[in-house]
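Peer 1: Sending over a structure as structure tokens; questions will come in a sec.
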Amino acid sequence: MFEHLLPETNGAPSFLAGWEPSERLQTVHRFRYFVLSKWSQRGFVEFDKGVSRSLRTGPQFREIAIRERHIQDLVRKKPPRSGRGPSDAVAAATLAPKGAAARLRITETALRRLTKAGYLRRVTHEGQALYPSWQFSPQPDKPVVAGIEVVAPAIPEHWPLAAEHYFMAAPRMELAVDGRHRSPSDWLDLGMNPHIVAGILEKYSYDIGR
């Protein structure tokens with residue numbers, strides 16, 4: 001890769017030209033320690049000072065791994081059905097058209113019009129049209145979060161409602177505001193850039209259940 005990027009110097013940065021092998025090795029070691037320190041500060045790795053071979057994953061890395069594994073499990077596993085109505089998990093994560101219209105204080109005709117225009121996300125679950133609850137703002141003076149028309153098309157089609165709900169509700173380090181990790185729905189509710197959420201969703205676009 002470096003040879004491709006720096007063909008004129010055979011893959012080595014120009015400032016290393018003429019350096020003795022020992023100097024280069026020392027620089028590489030310092031760079032690795034710098035990266036290790038930064039990763040440690042961010043919680044990606046941790047180690048015991050003065051103890052060799054004690055490098056291990058940090059709490060932030062483990063948290064991310066657990067979250068990603070949970071999303072994969074939700075995608076692979078179909079929730080069991082009980083009765084004719086939607087499950088408790090689906091019911092908690094969605095609103096029926098009548099409930100969505102009441103939430104927005106509009107008619108169901110207006111709701112369908114907004115949905116068709118891309119301002120609201122509607123999904124079909126077991127033949128029933130439902131509106132995921134993440135798109136409705138908890139703020140009384142704000143009916144929906146910003147950026148639905150950007151984020152909704154990026155949600156993988158193979159995701160069940162449980163995976164979508166979990167993703168939108170779980171805080172992520174990529175969505176930090178004032179040092180605090182925000183969930184995608186909170187991020188959108190704050191009026192932040194929806195394209196960042198859409199970009200995160202892109203990596204889930206393949207069907208990991210296959």
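Peer 1: Would you mind checking which residues have amide H under 5 Å from LEU95's amide H? H placed 1.01 Å from N; only 5 or more apart, or other chain.
Peer 2: TYR131, SER133
Peer 1: Based on Cα positions only, what radius of gyration and what Dmax would you give for segment 125-169, in angstroms?
Peer 2: Cα radius of gyration and Dmax of segment 125-169 are 11.5, 33 Å respectively.
Peer 1: Still on this structure, I have one more. Per residue, how much accessible area does segment 26-68 show when a 1.4 Å probe rolls over the protein heavy atoms, in square angstrom? Kindly include the intermediate steps, with their values, before the conclusion.
Peer 2: Values: 3560 Å² over 43 residues.
On a per-residue basis, segment 26-68 sits at 83 Å².
Peer 1: Tell me which residues come under 5 Å, amide H to amide H, from SER183 once H is placed; ignore anything under 5 positions away on its chain.
Peer 2: For SER183, the qualifying residues are ARG172.
Peer 1: Can I ask one more? For the full complex of protein chains and a 1.4 angstrom probe, list PHE136, PHE44, PHE34 by accessible area with the highest value first. Can you show the working numbers first?
Peer 2: Working: PHE136 10, PHE44 40, PHE34 115 Å².
Ranked from most to least accessible, the order is PHE34, PHE44, PHE136.
The values are calculated or read from the model by the stated rules, or taken from the named source; none is laboratory data. As the structure is a computational prediction, the values presented were derived from the model and not from experiment. What goes into the accessible areas is simple: the full protein's heavy atoms, side chains included, and nothing from ligands, DNA or RNA. Shrake-Rupley method; radii C 1.70, N 1.55, O 1.52, S 1.80 Å.
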